[in-house]
Amino acid sequence: MFFLGLLIAIVSVVALRVVGRQGGVPRLAAIGALVLGVLLMLLQAVTVVPAGHVGVVDFFGSVSPTPLRAGINLVNPLANVLVFSVKTQEMKEVLDVPSQEGLTVQLEVSVLYHLNTDKAPEVYRTVGPDYVRVLLEPQVRSVARGVTAGYEARALYTSERETLSRLIAEEISRSVGPRGVVIESAPLRRVGLPPGLTQAIEEKLRAEQESQRMKFVLEKEKLEAERKRIEAQGISDFQNIVSKGISEQLLQWKGIEATEKLAQSANSKVVVIGSGKNGLPLILNSD
């Protein structure tokens, strides 16, 4: 565009010299062409970077280390400006990954990432515009296989898949982060287990849950038995204390007190003094 404007301007200047001071349409056309050429050159010196993007200036193979931020930027009109997105993007991969048991599991993983604004010129210079295919995709495949190989297949089917997702994201970030690609997360979208393995895992999980339930029941019964033992021990201790505190003299004294109260009551009775066991009175109802 810059060279086109320059060419139009040169041709316009030449045309003005040829026309000279003559008026009319030819002169006006040459002036209009000159203005158009100058505008084209000026427009080439101004570039607009859209929101959520960053510009990289390439001047005949020399890449500027300073990225162009979103908005209007003045650049060398002869330079080429490449625009990269720094928004969050998603890359999906469907992989056949190994498990710790040697099984092959089909795994669909999504990688959420974005380009580091400050490192965009370095990414363009060292990797190129197609950095996702060249840099990110191979790392995702390698890391996913490496991480899942250390876990059983059931880990991809249980709550441990969140741990696997986090480990995959951390490993990918460790590989591509220094190169200018920021990894946000790597959620596992779908896990395809071998036929019959899903049912086996579910049965094993149910058996483990039943085992945990039985452990809970046994622990509860042990606590209940301990409670009853403590309660029985308490009753036994109480009875021992009470039995030690009751003497023959105390029982005779309580018997005398009861006889006195009965004798003073208005009910009809016969009290035989000294005829009971150990000399206690016998109380006979007149009915």
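The values are calculated or read from the model by the stated rules, or taken from the named source; none is laboratory data. Quick caveat: nothing in here was measured; it's all calculated off a predicted structure. Neighbour counts run over all protein chains shown; Cβ positions are idealised from the backbone, glycine included.
Numbers for the structure displayed
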{"item": "Options 176, 143, 123, 132: the member that is closer than 26 Å to residue 87 by Cα, under 20 Å from the mean Cα position of the chain (by Cα) and at pLDDT 85 or above", "result": "143"}
{"item": "Residue 34 outside the structural domain of residue 189 (by TED's automatic domain parsing), crowded, with 17+ Cβ neighbours inside 10 Å, among the aliphatic types (A, V, I, L, M) and at pLDDT below 85", "result": "yes"}
{"item": "Single residue of 81, 56, 75 found to be at pLDDT below 85, buried (at least 17 other Cβ atoms within 10 Å of the Cβ), farther than 19 Å from residue 176 by Cα and not polar (S, T, N, Q)", "result": "75"}
{"item": "Top-ranked residue of the stretch 59-69 - restricted to ones that are modelled with pLDDT of 90 or more and not hydroxyl-bearing (Ser, Thr, Tyr), ranked as nearest to residue 118 (Cα to Cα)", "result": "67"}
{"item": "Flag for residue 211 being in contact with a strand residue (DSSP E or B) (Cβ under 8 Å, 6 or more places away or on another chain) and either over 28 Å from residue 104 (Cβ atoms) or at pLDDT 85 or above (or both)", "result": "no"}
{"item": "The stretch 179-202, subset under 20 Å from the mean Cα position of the chain (by Cα) and among the basic types (Lys, Arg), residue modelled with the highest pLDDT", "result": "189"}
{"item": "Verdict on residue 132 being hydrophobic (A, V, I, L, M, F, W, C), assigned by TED's automatic domain parsing to the domain that holds residue 45, closer than 30 Å to residue 58 by Cβ and touching a strand residue (DSSP E or B) at 6+ places or on another chain (Cβ under 9 Å)", "result": "no"}
{"item": "Test: residue 205 is out of contact with any Leu (no Cβ under 8 Å at 6 or more places or on another chain), surrounded by 10 or more Cβ atoms within 10 Å (Cβ to Cβ) and either at pLDDT below 65 or not in a helix (DSSP H, G or I) (or both)", "result": "yes"}
{"item": "Close pairs (7 angstrom Cβ cut-off, 6 or more residues apart or separate chains): within 15 Å of residue 122 (Cβ to Cβ) in the stretch 60-87, of a type in the set (D, E, K, R) and at pLDDT 90 or above anywhere", "result": "63/125; 67/118; 82/58"}
{"item": "Within the stretch 118-145, considering residues that are farther than 27 Å from residue 100 by Cα and without any contact (Cβ under 8 Å) to a residue 12 or more places away in the chain, the one surrounded by the fewest Cβ atoms within 10 Å (Cβ to Cβ)", "result": "130"}
{"item": "Any hit, the stretch 92-108, residues being aliphatic (A, V, I, L, M), at pLDDT below 85, in contact with a Phe, Trp or Tyr (Cβ under 7 Å, 6 or more places away or on another chain) and buried (at least 16 other Cβ atoms within 10 Å of the Cβ)", "result": "no"}
{"item": "When residues of the stretch 44-81 are limited to those that are part of a strand (DSSP E or B) and within 35 Å of the chain's Cα centre (by Cα), the one farthest from residue 191 (Cα to Cα)", "result": "71"}
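Rundown of residues vs (1) among the β-branched types (Val, Ile, Thr); (2) outside the structural domain of residue 190 (by TED's automatic domain parsing), yes/no style:
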| residue | (1), (2) |
| --- | --- |
| 63 | yes, yes |
| 95 | no, no |
| 99 | no, no |
| 126 | yes, no |
